[in-house]
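Data block below; observations after.
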Amino acid sequence: MPARPKLGVFKFASCDGCQLSLLDAEQHLLAIAEQIEIAYFLEARSHTDEGPYDVALVEGSITTPHDAQRIQEIRQKSKMLITIGACATSGGIQALRNWHDVEDFTRHVYARPEYIQTLATSTPIADHVRVDFELRGCPIDVGQLIELITSVVVGRKPRFPNESVCMECKRQGTVCVVVAQGRPCLGPVTHSGCGSICPAYNRGCYGCFGPKENAQPLSLMQHMHGQGCDREVLVDLVRNFNGYAPEFRAAGDQFEERSAGT
């Protein structure tokens, strides 16, 4: 009988929400455990196997020198490395530090800031090592996670729709909050996967699943500003869960620069 693939689940700077999504799979997780050996997953079991691993799921961003070294070690021991969640794929909410002075933060928060060892930026895993696949979301969607692990087991490409949150709104019959209420919303430029939760409750999309392919967030921001949305509100909106994703980061920076010049 062939050996089951070894799975390692690792955490960096994050809230653990994406790992908990795996635990929330419950019955699906039991079926997965029959096909994959969970070799390292501190959130779920105390036993640890130091590898090597066939698949590594990595949650969280790189925020300390130790993080930067540790992710290199995990990459070396993993045949396939998959990042899960906004922190791992774009730096997460903690990447808000990237637009400010981290030393100023530590001086205000910690009594002895000299004891804090941190990097000036919070960066995605792909900025440090080769990543084989990214699963976005804040947190990730359980259904997408099951599809991803299943595809790894059977050896096929994961099947995820390449569409925006707007398509989910249309299928569910959700009234567009931009058109009907004039609310700022990142739905047109955000990848689907959340089930359009926020628009269903009359709130604009916050971009939890990151920029979709060929997104044009700067154009969207300019359009919404032309419709009366406040400049600072729009910058804060795009600098959110996935604010340091290249597309959102560039749009926010360019919009801010143009605003400063007017």
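Mind listing just one residue for me: the one in region 107-135 that is polar (S, T, N, Q) and touching a Ser or Thr at 6+ places or on another chain (Cβ under 7 Å) and, of those, surrounded by the fewest Cβ atoms within 10 Å (Cβ to Cβ)? Looking at residues that are polar (S, T, N, Q) and touching a Ser or Thr at 6+ places or on another chain (Cβ under 7 Å), I get Gln117.
Okay, residues lined up against (1) of a type in the set (Phe, Trp, Tyr); (2) in a loop (DSSP other than H, G, I, E, B); (3) outside the structural domain of Ala56 (by TED's automatic domain parsing); (4) over 18 Å from the mean Cα position of the chain (by Cα):
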residue	(1), (2), (3), (4)
Arg171	no, no, yes, yes
Ala180	no, no, yes, yes
Asn202	no, yes, yes, yes
Cys205	no, yes, yes, no
Phe209	yes, yes, yes, no
Leu218	no, no, yes, yes
Gln222	no, no, yes, yes
Val235	no, no, yes, yes
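Here's the yes/no breakdown for (1) touching a Pro at 6+ places or on another chain (Cβ under 8 Å); (2) of a type in the set (Lys, Arg); (3) over 29 Å from His191 (Cβ atoms):
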position	(1), (2), (3)
Leu22	no, no, no
His28	no, no, no
Gly51	no, no, yes
Asp54	yes, no, no
Gly60	no, no, no
Pro65	no, no, yes
Gly85	yes, no, no
Trp99	no, no, no
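When restricted to residues that are under 29 Å from Ala31 (Cα atoms) and outside any loop (DSSP other than H, G, I, E, B), region 152-169 contains 4.
Note on region 207-236: among residues that are of a type in the set (A, V, I, L, M) and touching a helix residue (DSSP H, G or I) at 6+ places or on another chain (Cβ under 8 Å), the one that is surrounded by the most Cβ atoms within 10 Å (Cβ to Cβ) is Met221.
Looking across region 72-93, the residues that are assigned to a helix (DSSP H, G or I), modelled with pLDDT of 95 or more, under 24 Å from Asn240 (Cβ atoms) and of a type outside the set (Ser, Thr, Tyr) come down to Ala86, Cys87, Ala88.
Among the residues of region 23-71, those identified as under 23 Å from Cys138 (Cα atoms), among the acidic types (Asp, Glu) and modelled with pLDDT under 95 are Asp24, Glu26, Glu43.
Go through the residues of region 166-184 one by one and say whether even a single one is under 26 Å from Ser14 (Cα atoms) and at pLDDT 95 or above.
Step one: filter region 166-184 for residues under 26 Å from Ser14 (Cα atoms), giving none.
No, because not a single residue in region 166-184 is under 26 Å from Ser14 (Cα atoms) and at pLDDT 95 or above.
Among the numbered conditions (1) buried (at least 22 other Cβ atoms within 10 Å of the Cβ); (2) closer than 25 Å to Trp99 by Cα; (3) not basic (Lys, Arg), the only one that Glu257 does not meet is (1). Residues of region 136-172 that are buried (at least 21 other Cβ atoms within 10 Å of the Cβ) and among the small types (Gly, Ala, Ser): Gly137, Ser164.
For region 83-133, which positions are of a type in the set (Ser, Thr, Tyr), out of contact with any helix residue (DSSP H, G or I) (no Cβ under 7 Å at 6 or more places or on another chain) and under 20 Å from Cys194 (Cβ atoms)? If you could, list the steps in order and put the result at the bottom.
Going through region 83-133, the residues of a type in the set (Ser, Thr, Tyr) turn out to be 83, 89-90, 106, 110, 115, 118, 121-123.
Adding the requirement that they be out of contact with any helix residue (DSSP H, G or I) (no Cβ under 7 Å at 6 or more places or on another chain) leaves 89-90, 110, 115, 123.
Hits for region 83-133 are Thr89, Ser90.
Of the residues making up region 182-200, those that are over 19 Å from Gln216 (Cα atoms) and not in a loop (DSSP other than H, G, I, E, B) are Ile197, Cys198, Pro199, Ala200. When Gly195 is tested against (1) under 25 Å from Gly91 (Cβ atoms); (2) of a type outside the set (Ser, Thr, Tyr); (3) in contact with a Cys (Cβ under 8 Å, 6 or more places away or on another chain), just one condition goes unmet, and that condition is (3). Among strands (runs of 3 or more DSSP E) entirely within region 1-68, having at least 1 residues that are closer than 30 Å to Thr106 by Cβ singles out 6-11, 53-59.
The values are calculated or read from the model by the stated rules, or taken from the named source; none is laboratory data. Since the structure is predicted, the reported quantities are computational estimates derived from the model, not experimental observations. Heads up, the Cβs are rebuilt from the backbone with ideal geometry, glycines too, and the neighbour counts pull from every protein chain shown.
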